[in-house]
Amino acid sequence: MKIVVQRVKEAKVTNESIENSINQGFCLLVGVGQSSTKADIETLAKKIANARLFEDESGKLNLNIQQIEGQILSISQFTLYADVRKGNRPGFAKSMPPQEAKEMYEQFNDALLAYGIEVKTGEFGTDMLVDIANDGPVTVIYESQDGKII
């Protein structure tokens, strides 16, 4: 499982059927791969909930999202598993099939909610417009395999 975490001042996702937005917090781009497991969900939710990516009064990255009472906008993104080794068109065989990936994506969001963080989402499997005011910019990629950060 791969997750791109962007610290944001605000973020919004829209399409024909949804419009969700957050203020200060994280915008997550969540990719679920063929080998992603429930252990990866738990590992990454814990890691992200506790990630110290917000500045304290001294300007050091010492605060987590819970301490600043931030929000999360979580967006599924199967393209994180793109294979670009051959040709010019990426392949997506390493992404988990949509129905299974949707279940894992929802379980991941539920795991974040269990930390007391407000989580809003995009709409799984649809084209969306994502508007991100990246703060810093601070962008960190988290990846887990077999429940361990890699």
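Given (1) within 13 Å of the chain's Cα centre (by Cα); (2) within 18 Å of residue 52 (Cα to Cα), identify the lone condition not met by residue 78.
For residue 78, the exception is condition (2).
In the range 13-41, which residues are touching a Phe, Trp or Tyr at 6+ places or on another chain (Cβ under 9 Å), within 21 Å of residue 53 (Cα to Cα) and not in a strand (DSSP E or B)?
24, 40, 41
Somewhere in the range 60-70, is a residue touching a helix residue (DSSP H, G or I) at 6+ places or on another chain (Cβ under 7 Å), in a loop (DSSP other than H, G, I, E, B) and without any contact (Cβ under 8 Å) to a residue 24 or more places away in the chain?
The answer is yes; a qualifying residue exists.
Go through the range 106-150 and give me each residue that's in contact (Cβ under 8 Å) with a residue 60 or more places away in the chain and polar (S, T, N, Q).
107, 121, 126, 134, 139, 144, 145
Could you count how many residues in the range 91-105 are surrounded by 14 or more Cβ atoms within 10 Å (Cβ to Cβ) and without any contact (Cβ under 8 Å) to a residue 12 or more places away in the chain?
0
Out of everything in the range 106-129 that is out of contact with any strand residue (DSSP E or B) (no Cβ under 8 Å at 6 or more places or on another chain) and more than 21 Å from residue 79 (Cβ to Cβ), what residue ends up being surrounded by the fewest Cβ atoms within 10 Å (Cβ to Cβ)?
116
Condition first: polar (S, T, N, Q) and part of a helix (DSSP H, G or I). Now tell me which residues in the range 88-105 satisfy that.
99 - this is the single residue of the range 88-105 that is polar (S, T, N, Q) and part of a helix (DSSP H, G or I).
Mind checking whether some residue in the range 48-63 is under 16 Å from the mean Cα position of the chain (by Cα) and closer than 30 Å to residue 91 by Cα?
yes
Could you check residue 136 against (1) outside any helix (DSSP H, G or I); (2) touching a strand residue (DSSP E or B) at 6+ places or on another chain (Cβ under 8 Å); (3) at negative phi and say which number it fails?
So residue 136 meets the others, but not (3).
Looking at the range 4-21 only, could you name the residues that are farther than 19 Å from residue 126 by Cβ and under 14 Å from the mean Cα position of the chain (by Cα)?
5, 6, 7, 8 - these are the residues of the range 4-21 that are farther than 19 Å from residue 126 by Cβ and under 14 Å from the mean Cα position of the chain (by Cα).
Assess whether residue 132 counts as being closer than 18 Å to residue 77 by Cα, surrounded by 14 or more Cβ atoms within 10 Å (Cβ to Cβ), hydrophobic (A, V, I, L, M, F, W, C) and at pLDDT 95 or above.
Spelling it out, residue 132 is indeed closer than 18 Å to residue 77 by Cα, surrounded by 14 or more Cβ atoms within 10 Å (Cβ to Cβ), hydrophobic (A, V, I, L, M, F, W, C) and at pLDDT 95 or above.
The values are calculated or read from the model by the stated rules, or taken from the named source; none is laboratory data. Note that the coordinates shown come from a computational prediction; the quantities given were computed from them, not determined experimentally. Glycine gets a Cβ as well: all are built from the backbone with ideal geometry, and neighbour counts include every protein chain shown.
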